[in-house]
Amino acid sequence: MKRIAAVQMASGPNVSANLNEAGRWISYAADAGAELVVLPEFFAIMGMQQKDILAVKENIGDGPIQNFIKQMCNKHRLWIVAGTIPIATEDEKKVRAACLLFNPEGEVVTRYDKVHLFDVDLDDGEHYSESDVIEAGNEIVVTRTPFGCMGIAVCYDLRFPEMFRRMADKGVDLIVLPAAFTALTGKAHWESLVRARAIENLSYVVASAQGGYHANGRETYGDSMIVDPWGEVKDRLQRGSGFVIADLDQEKTRLTRKQFPVLEHRKLNCYRKSS
């Protein structure tokens, strides 16, 4: 079995301070035996305004944030899912919210750009319009790793089950989910959605969340967790900074799917156009 971990943070507007904090928890997780560490969405910056991420955007393959992750991989000889990093686009006023998977050599194995953008007005008066500064991705990503076939989703993606069904069609075993759920929506739906995605796809879900109060006045929900294919929460951290860790039992995934072959029993496939 392999050990997997998810870091929880309450990032602020200072990139260097956030990277130092992330590095501390990566080191602790590595010392606890983790071979894969997942960082939360916006781990490197939670700006005072949305547009602040434009000032720290990087070209793919180069920049302080990506170089930091490479160093952590090399130092600890582990895989890292680097939450989201603002990656430059042709539009100078927008970035991609890119989730990069790095191997122990510090190489980028795959990239997922957040597809579903959080443009909402909440009952408590909070307003979010990610599309003002983020350009949406358009591809579902599942890639082979030593941890099984890994699917990547980010935060608001969690609310779109058809996306995860596409991952199941691609053979997903493990879903990683960097996130920054608001306190309001997290309290209402976070655990239900995370566990549902694990149960309906008979896959592990590793949900790494922002959790706490931020300098910009925002409060994120936290509750980072690792959920197995039967929907059992193996470890969780409801509040504060830290990490969760659990063993990834690939044999359990195989046996669960064999004994309870729900993925083979699907009769309707709404996501493919009929001929």
- request: List the lysines whose Cα lies under 29 Å from the Cα of K57, skipping any in the same chain that are fewer than 8 positions away.
  value: K70, K75, K93, K94, K114
message: Between S131 and A32, how high is the FRET efficiency from 1/(1 + (r/R0)^6) when r is the Cβ-Cβ distance and R₀ = 35 Å? Nearest 0.05.
response: 0.35
- prompt: Dipole of the chain (Lys/Arg Cβ +1, Asp/Glu Cβ -1, origin at the Cα centre): which of M167, I45, T110 lies farthest to the positive side?
  reply: M167
task: Can you grab the distance from the C-alpha centre of the stretch 30-93 to the C-alpha centre of the stretch 221-265, Å, no decimals?
output: 24 Å
query: Residue separation times 0.36 nm, minus the C-alpha to C-alpha distance between E105 and R166: what's the value?
result: 19.0 nm
- request: Divide by every residue of the chain the summed helix terms, -39500 (n - 2.57) for each DSSP H run of at least 4, and state the resulting mean residue ellipticity at 222 nm, rounded to the nearest 500 deg cm²/dmol.
  value: -7000 deg cm²/dmol
task: Give a quick list of GluC sites (Glu not before Pro) in the stretch 1-92 that DSSP marks as loop, anything other than H, G, I, E or B, with at most 10 other Cβ atoms within 10 Å.
output: E90, E92
statement: Taking V133, V233, V176 and counting other beta carbon atoms within 10 angstrom, the fewest-first order is V233, V133, V176
Inter-label distance for V120 and T143, nm, one decimal - labels placed 7 Å from Cα along Cα-to-Cβ: 2.8 nm
message: Under the 0.36 nm per residue contour assumption, what length would be gained going from the current alpha-carbon distance of K252 and N20 to full extension?
response: 80.0 nm
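Coordinate-derived values only; no laboratory data. Source: prediction; values computed, not measured. Please note: Cβ atoms are built from the backbone with ideal geometry, for glycine as well, and neighbour counts cover all protein chains shown.
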